Amino acid sequence: MNDMLRLIFPVSLNSVRLADDLLAAIANNITSDQHLSYNIRTVLSESFNNAFLYGDKSKFDAVIEVRTCFKQNKFCVSVINEGSGFADIKENWDNFPSAQDESGRGLKIIKRLSDIVKFNKLGDNKFEVYVEFNLDKKREKTK
């Protein structure tokens with residue numbers, strides 16, 4: 001990864017507020033395209049909130065790691081939490097909850113607003129949500 005920024009947050013409510021502010025600032029400075037900036041901000045927020053809500057909070061020293069990078073015309077983000085993740089959904093988006101359902105809708109939002117989404121188990125107790133945004137792509141407004 002090129003030009004990487006790495007942020008590590010302890011798992012706490014204060015971290016959620018701080019991360020929201022920092023990730024919004026990053027998204028707002030990635031591009032002058034307000035629509036794309038909004039998409040990036042929304043995906044970062046959803047990814048971090050999912051890591052907080054569903055990660056392993058039983059460990060005293062649990063953290064959420066956010067890695068951002070630029071490579072060519074792409075902005076890439078990994079949100080990594082300590083936890084087992086969820087069932088393999090890589091190819092089965094149709095069986096995921098609808099946007100109106102309380103649980104799971106954030107993943108559909110992430111999928112819709114990102115150009116690439118990958119879910120990866122990293123060892124026994126780490127889980128990654130990886131997203132990419134093509135900064136040159138023309139976008140339609142989200143309905």
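Restricting attention to the range 64-87, and to residues there that are more than 25 Å from Asn134 (Cα to Cα) and surrounded by fewer than 17 Cβ atoms within 10 Å (Cβ to Cβ), which single residue is modelled with the lowest pLDDT?
Filtering the range 64-87 for residues that are more than 25 Å from Asn134 (Cα to Cα) and surrounded by fewer than 17 Cβ atoms within 10 Å (Cβ to Cβ), the one modelled with the lowest pLDDT comes out as Ala87.
So, in the range 64-83, of the ones that are over 14 Å from the mean Cα position of the chain (by Cα) and in a strand (DSSP E or B), which residue ends up farthest from Ser47 (Cα to Cα)?
Looking at residues that are over 14 Å from the mean Cα position of the chain (by Cα) and in a strand (DSSP E or B), I get Lys71.
Sort out which residues of the range 1-50 are farther than 20 Å from Leu135 by Cβ and part of a strand (DSSP E or B), and write them in order of number.
Result: Arg6, Leu7, Ile8, Phe9, Pro10.
Of all residues in the range 1-45, count the ones that are in contact (Cβ under 8 Å) with a residue 24 or more places away in the chain, under 17 Å from Gly55 (Cβ atoms) and loosely packed, with under 13 Cβ neighbours inside 10 Å.
Going through the range 1-45 one residue at a time, the tally reaches 2.
Go through (1) basic (Lys, Arg); (2) more than 20 Å from Lys111 (Cα to Cα); (3) in contact with a helix residue (DSSP H, G or I) (Cβ under 7 Å, 6 or more places away or on another chain) and name the single condition Lys59 misses.
(3)
The values are calculated or read from the model by the stated rules, or taken from the named source; none is laboratory data. For clarity, every value in this text was computed on a predicted model and none was experimentally measured. No Cβ is skipped: glycine too gets one built from the backbone with ideal geometry, and neighbour counts run over all protein chains shown.
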